[in-house]
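Colleague: Questions regarding the structure given below will be posed in turn.
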Amino acid sequence: MEMALYDTERGYYAKNGNQVGRDGDFYTSVSVGSMFGKLLARRFANGWDAAGNPKAWRILEVGAHDGKLAADILAELRTIRPDAWQALEYAIAEPLPRLREFQHKRIATLAAKLRIVADPSELACDPLPGFAFGNEILDALPFHLVEICSGIWQEIHVCSSADGLSMEPREIEVDSPLARRLDIIGKDFPESYRTEIRTNFGKFLSGLAATLTDGTMLFTDYGFAAPEYYDRHRSTGTLRTFSNHKAAEDPLDLPGEKDITAHVDFTCLAEAAEAFGYRPTAFKNQGSYLTHLAKSMILGGGIADAKSIAQFQSLTHPAHLGASFHAIELKKGGVIPPEVERRLAL
């Protein structure tokens, strides 16, 4: 999966910046319009205020794609909170050279201070308070595909032969990170039950945590808390491919030409964040989360014209993106609210 998506020459995301939107393969909240970025800008400004308005702070974005969301956030911050914008360093961690070019061209004139790096570790020598965030980045992290075979978990491997690529189950190494995670989930599933497991959340979060002296990680994505994710009736998992706005389920069909994704286990993410002192302080569906952020805009008449109303409805309505997507905030040293602990089943 990592090769198919991120190989610097043949990977799906390495080829161009046209995967998202009407002419691409799938839509995101960013595709709806600038409203998503405007609302996130307000969350970041509120966080800067809560931190005591530090003279230097950072927003680090991962999975910035072509930089459109960054442009929407920066333009709104500069308009509504020029003081916060002036003190801000906007950073993007992007391993793919072509996407770094797109990002720089789009937002270089919008950020008072801009840093685009290949890896978050390049920022670790100069940590700042602020935010690390990503929209639809977690679902694109590589995952293990596992299946119940004769009552035990086995991992589905990609195999190559003269007939091409195929997927076959194999035994899982004892006491491996995958085996330990599966021990937590258990084996009480029907034969041929298939699902996805990510064991790389810790590695992913460690790089982000090292860039912040204090602050919040924020992720928006589609997924579930663990009890719902591993429901016995979700027996075929959530692995999907996307091309030209059509979903399919065979990741070996035209590798490098299609997006490959699976839903996010937010409970697993929250447990991995604990190792770095970050705890979930908010976990809501996107509709509820963005509606809360929009209160000041609504009261101030910022969502009154037809275009803004349509964008807001697309982002928040349960029939659109409001119910299927979730937002999770992980705050350093935060206290987990009872309702968040309950929802995540921590």
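Laboratory data are not the source of any read-out in this text; all were calculated from the coordinates shown. Note that this is a predicted model, so its numbers are computed, not measured. Because the Cβ atoms are built from the backbone with ideal geometry, glycine has one as well, and the counts that use them run over all protein chains shown.
Colleague: Report, for the chain, the % of DSSP beta bridges that are antiparallel, rounded to 5.
Modeller: 60 percent
Colleague: Taking amide H positions as placed in the peptide plane 1.01 Å from N, state which residues far from G215 in sequence (5 or more) or on other chains have amide H under 5 Å from it.
Modeller: G130, K332
Colleague: Separate question: Suppose only helical runs count, i.e. DSSP H with n ≥ 4. What mean residue ellipticity at 222 nm does that imply for the chain under -39500 (n - 2.57) per run, divided by all residues and rounded to the nearest 500 deg cm²/dmol?
Modeller: For the chain, the value works out to -9000 deg cm²/dmol.
Colleague: Say we join alpha carbon atoms closer than 10 Å with springs in a Gaussian network model of the chain; which of A84, A226, A179 then has the biggest fluctuation?
Modeller: A179
Colleague: Among H292, H326, H233, what is the fewest-to-most ranking by other Cβ atoms within 10 Å?
Modeller: Lowest to highest Cβ neighbour count: H233, H292, H326.
Colleague: Something else now. Considering only DSSP beta bridges with both partners in the stretch 187-305, what is the antiparallel share in %, to the nearest 5?
Modeller: For the stretch 187-305, the DSSP antiparallel bridge percentage is about 75.
Colleague: Out of R100, R279, R81, any idea which swings most in a Gaussian network model of the chain, alpha carbons joined below 10 Å?
Modeller: Comparing R100, R279, R81 in the GNM, the peak value goes to R81.
Colleague: Might you report the magnitude of the Cβ-based charge dipole of the chain about its Cα centre, with Lys and Arg at +1 and Asp and Glu at -1, to the nearest 20 debye?
Modeller: Around 1480 debye, computed over the chain.
Colleague: OK, next. Assuming a ≥ b ≥ c are the square roots of the Cα gyration tensor eigenvalues, decide whether the chain counts as rounded (a/c under 1.5), prolate (otherwise, with a/b larger than b/c) or oblate.
Modeller: prolate
Colleague: Any chance you could check the Cα centroid distance between the stretch 152-214 and the stretch 258-294 for me, in angstrom?
Modeller: Taking the Cα centre of each part, the stretch 152-214 and the stretch 258-294 sit 20 Å apart.
Colleague: May I pose another question? Apply the Karplus parameterisation 6.51 cos²θ - 1.76 cosθ + 1.60, with θ equal to phi minus 60°, to every residue of the stretch 173-182 and state each ³J(HN,Hα) to the nearest whole Hz, in sequence, with x for glycine and proline.
Modeller: Here the 3J(HN,Hα) series is 4, 5, 6, 6, x, 5, 4, 5, 5, 5 Hz.
Colleague: If the chain between H233 and A306 were fully stretched, how many nm would it gain, using 0.36 nm times the residue separation less the Cα-Cα distance?
Modeller: Taking 0.36 nm per residue and subtracting the Cα distance, the gain is 22.2 nm.
Colleague: Cα atoms only, the stretch 145-185: Rg and Dmax in Å?
Modeller: 11.8, 38
Colleague: Provide the gained length on full extension for the span L254 to E2, in nm with one decimal, where the gain is 0.36 nm per separating residue minus the Cα-Cα distance.
Modeller: Taking L254 through E2 to full extension adds about 89.3 nm, to one decimal.
Colleague: Same structure again: Could you go through the stretch 325-340 in sequence order and give the Karplus-derived ³J(HN,Hα) for each residue, using 6.51 cos²θ - 1.76 cosθ + 1.60 with θ = phi - 60°, rounded to whole Hz, and x for Gly and Pro?
Modeller: 9, 10, 10, 10, 10, 10, 9, 5, x, x, 9, 6, x, x, 5, 6
Colleague: What's the FRET efficiency of E168 with L346 using the Cβ-Cβ distance as r and R₀ = 35 Å, to the nearest 0.05?
Modeller: Efficiency, from the Cβ-Cβ distance: 0.50.
Colleague: If I stretch the segment between L293 and S176 completely, what's the gain in nm (0.36 nm per residue apart, minus their alpha carbon distance), one decimal?
Modeller: 38.0 nm
Colleague: Let me ask another. If contacts are Cα pairs under 8 angstrom and at least 6 residues apart, what is the relative contact order of the chain in percent?
Modeller: Values: 654 pairs, mean separation 62.3, N = 346.
In percent, rounded to a whole number, it is 18.
Colleague: Considering only the other residues whose Cβ falls under 14 Å of the Cβ of G237, what net charge follows from Lys and Arg at +1 and Asp and Glu at -1?
Modeller: Its environment carries a net charge of -4.
Colleague: Taking +1 at the Cβ of each Lys and Arg and -1 at the Cβ of each Asp and Glu, which of V174, A345, W57 sits farthest along the dipole of the chain towards its positive end, judged by Cα position relative to the Cα centre?
Modeller: W57
Colleague: While we're on this one: Regarding the stretch 301-346, what's the average projected area of the Cα-atom convex hull, expressed in nm²?
Modeller: Its average projected convex-hull area is 5.0 nm².
Colleague: With a Förster radius of 22 Å, plug the Cβ-Cβ distance of R98 and A124 into 1/(1 + (r/R0)^6) and report the FRET value to the nearest 0.05.
Modeller: Efficiency for this residue pair is about 0.35.
Colleague: Using the Cα centre of the chain as origin and beta-carbon charges of +1 (Lys, Arg) and -1 (Asp, Glu), tell me which of F325, L128, T238 is placed farthest towards the positive end of the dipole.
Modeller: Of F325, L128, T238, it is L128.
Colleague: Charges only on Cβ, +1 for Lys and Arg, -1 for Asp and Glu: so what's the dipole of the stretch 145-185 about the Cα centre, in debye to the nearest 20?
Modeller: 120 debye
Colleague: Report, in listed order, any pair from K105/K246; K15/K105; K105/K332 with a Cα-Cα distance greater than 21 Å.
Modeller: K105/K246; K105/K332
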